[in-house]
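The values are calculated or read from the model by the stated rules, or taken from the named source; none is laboratory data. These figures come from a predicted structure and were not determined experimentally. Using ideal geometry, Cβ is built from the backbone for each residue, glycine included, and neighbour counts are taken over all protein chains shown.
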Amino acid sequence: MNRLVSPLFNSLAALGHAVLSAAAHAGQLVLFTGQLLWRLFPAWTRPKLIVQEIYAIGVLSLVIIVISGGFVGLVLGLQGYNILSKFNATESLGVMVALSLVRELGPVVTALLFAGRAGSAVTAEIALMKTTEQLSAMEMMAVDPLRRVIAPRFWGAVIAMPLLAALFSLVGIAGGYFIGVLVLGVDSASYWGQIQQQMQPIDDVMNGAIKSLVFGVVVGLVAVFEGFNAEPTSLGISRATTRTVVLSSLLVLGLDFILTAWMFGA
Amino acid sequence: MKSYIQFEQMSFSRGRNLIFDRIDMAIPRGKISAIMGPSGTGKTTLLRLIGGQIKPQSGRVLVDGLDMARASSKELLAMRRRLGMLFQNGALFTDLTAADNVAFPLREHTRLPPSMIARMVALKLQAVGLLAAADQMPAALSGGMARRVALARALALDPELMLYDEPFTGQDPINVGVLLRLIASLNQALGLTSVLVSHDVAEVFAIADCVFVINEGRVVASGSPDELRAQMPQVPFLRQFLEGAPDDNQSAAGQQSAVNLAAALGLSPAVAPSKARGML
């Protein structure tokens with residue numbers, strides 16, 4: 001009897017422990033968000049710090065975003081051409097590529113890449129500063145680390161993300177143009193004309209921008225939170241970095257569904 | 001003697017672990033006070049309590065009359081501007097040069113022009129004998145140099161109170177000598193109150209005016225180095241700690257395990273040391 005009951009209790013205890021620790025983590029995130037909110041606007045008294053972070057988080061992510069955007073555009077152009085040619089509708093290639101990118105792939109793929117490239121770097125940097133007592137030293141120098149270190153990095157992510165997503169979509173559309181018009185022979189005027197005609201500034205462009213802004217907030221918040229709350233050991237830094245990528249990717253995909261249902265749902 | 005820092009019936013625990021049990025301690029103004037004790041007694045925790053980074057569960061920690069646990073964040077920030085802390089590993093900002101590290105508190109808290117800040121940084125680095133290393137990154141500095149840069153940074157805002165966390169640990173004898181001279185001369189020249197936590201008996205006794213020995217959450221002895229030496233016969237732990245004698249139980253257990261090891265290697269205890277040397 002004991003042999004059967006004991007593993008059952010153990011797995012129940014493990015489940016309870018996991019639920020409790022997830023609840024504690026969520027509670028810490030809420031508390032941290034509250035503390036950060038207080039410092040968000042005062043952080044603008046030092047705009048130079050925010051510009052530095054936009055550079056570190058945004059400009060240094062340009063290469064991966066531009067290259068990925070280009071390849072995604074090329075693939076979309078190729079796949080779109082294959083499908084549309086079956087219906088003799090290849091002139092709609094431009095709008096198909098543009099809508100896919102602006103509404104969905106631009107914000108989502110950029111956010112996923114952004115979490116991997118910039119989010120993980122921000123988490124690792126803050127966690128290492130914590131491990132080497134740099135944040136503690138700052139606190140003892142009467143400098144608030146949340147305002148001096150965390151808030152500028154959060155702003156950097158929030159500002160950089162929509163810009164990177166816009167660039168991703170632009171490069172993707174250019175990639176679609178290259179493969180569709182220059183390689184496969186779709187009419188150039190149709191490619192651009194259909195985009196102009198059918199893309200709505202509010203429904204498509206604005207909603208895409210809102211998505212990318214929300215994703216920027218999510219990835220930025222998760223990255224700074226995980227860094228700030230990392231266990232100050234090498235294993236703690238590695239776990240925090242992994243959690244940033246996993247958690248922000250899942251949140252981006254989940255939120256994308258919710259936002260899409262709200263924006264474009266029937 | 002008027003005290004600058006006062007612990008009143010202060011208790012602090014981490015989880016179920018009681019680190020300090022209703023301790024009373026008065027750290028005098030303008031002197032070098034040392035808090036000593038074996039590793040793991042919470043000496044660094046004591047510095048964090050003084051800095052208000054953590055709060056005691058009961059009792060009070062008063063720094064120049066301010067209750068650090070109940071102070072508003074504004075009062076806490078104002079107090080922290082008046083203190084400097086040298087962290088055990090230096091805690092230098094790794095992406096800033098030595099000079100920028102020293103300039104950091106000045107840039108954060110003053111509106112001085114860059115030329116003035118540069119001059120002040122040079123003075124502070126000169127005081128710790130590292131002006132030549134101003135443009136070096138922390139990674140390029142040796143451990144001792146990094147600690148001295150951190151000391152210059154801690155002194156940047158001309159604090160009234162200096163906290164030193166294990167300043168001599170892991171330093172070569174020359175660096176220890178340099179640090180000892182620096183701590184003593186800075187304290188005298190700038191009229192500071194210095195608190196250093198350490199377990200390096202010889203070094204601490206060379207410069208401290210007042211020493212508190214902590215063990216198992218309580219202050220077991222306090223006084224000047226001479227007074228502590230005089231107390232040694234009455235307080236067994238003090239004797240053991242100051243003379244570096246191993247714990248009797250640990251010592252017996254250590255000898256027994258050495259005998260067991262010798263037996264396992266087929267050596268008789270009498271010949272074990274010489275044979276063992278040969279094996280090495």
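Some values worked out for this structure:
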| quantity | calculated |
| --- | --- |
| From the options A:Ile202, A:Ile258, residue that is assigned to a helix (DSSP H, G or I) and over 20 Å from the mean Cα position of the chain (by Cα) | A:Ile202 |
| Residue ID - surrounded by the most Cβ atoms within 10 Å (Cβ to Cβ), chosen from residues in the stretch B:188-203 that are in a helix (DSSP H, G or I) and out of contact with any helix residue (DSSP H, G or I) (no Cβ under 8 Å at 6 or more places or on another chain) | B:Leu190 |
| Check on A:Leu235, assigned to a helix (DSSP H, G or I), crowded, with 20+ Cβ neighbours inside 10 Å, among the hydrophobic types (A, V, I, L, M, F, W, C) and free of Cβ contacts under 8 Å to residues at least 40 places away in the same chain | no |
| Unique residue being more than 30 Å from B:Ser11 (Cα to Cα), surrounded by fewer than 14 Cβ atoms within 10 Å (Cβ to Cβ), modelled with pLDDT of 90 or more and within 14 Å of chain A (Cβ to nearest Cβ) when the list is B:Ala152, B:Ala139 | B:Ala139 |
| Test: A:Val181 is assigned to a loop (DSSP other than H, G, I, E, B) and at pLDDT below 95 | no |
| Residue, nearest to the other protein chains (Cβ to nearest Cβ), within the stretch A:111-128, restricted to residues that are surrounded by fewer than 24 Cβ atoms within 10 Å (Cβ to Cβ), aliphatic (A, V, I, L, M) and under 26 Å from B:Gln88 (Cβ atoms) | A:Leu128 |
| Those residues of the stretch A:66-97 which are more than 22 Å from the chain's Cα centre (by Cα), among the aromatic types (Phe, Trp, Tyr) and surrounded by fewer than 20 Cβ atoms within 10 Å (Cβ to Cβ), in sequence order | A:Phe87 |
| Residue selected from the stretch B:101-124 under the condition within 13 Å of another protein chain (Cβ to nearest Cβ) and surrounded by 17 or more Cβ atoms within 10 Å (Cβ to Cβ), by the criterion farthest from the chain's Cα centre (by Cα) | B:Glu108 |
| Elements of type strands (runs of 3 or more DSSP E) contained in the stretch B:27-93, each with 1 or more residues being at the interface with another protein chain (Cβ under 9 Å from one of its Cβ atoms) and under 23 Å from B:Val149 (Cα atoms) | B:83-86 |
| Residues of the stretch A:43-59 that turn out to be over 19 Å from B:Leu96 (Cα atoms) and surrounded by 14 or more Cβ atoms within 10 Å (Cβ to Cβ), as a count | 2 |
| Residue list for the stretch A:138-186, restricted to those being over 28 Å from A:Ala209 (Cβ atoms) and of a type in the set (S, T, N, Q) | none |
| Filter result for the condition that a residue is away from chain B (no Cβ under 14 Å), of a type in the set (S, T, N, Q) and buried (at least 24 other Cβ atoms within 10 Å of the Cβ), over A:Ser169, A:Ser100 | A:Ser169 |
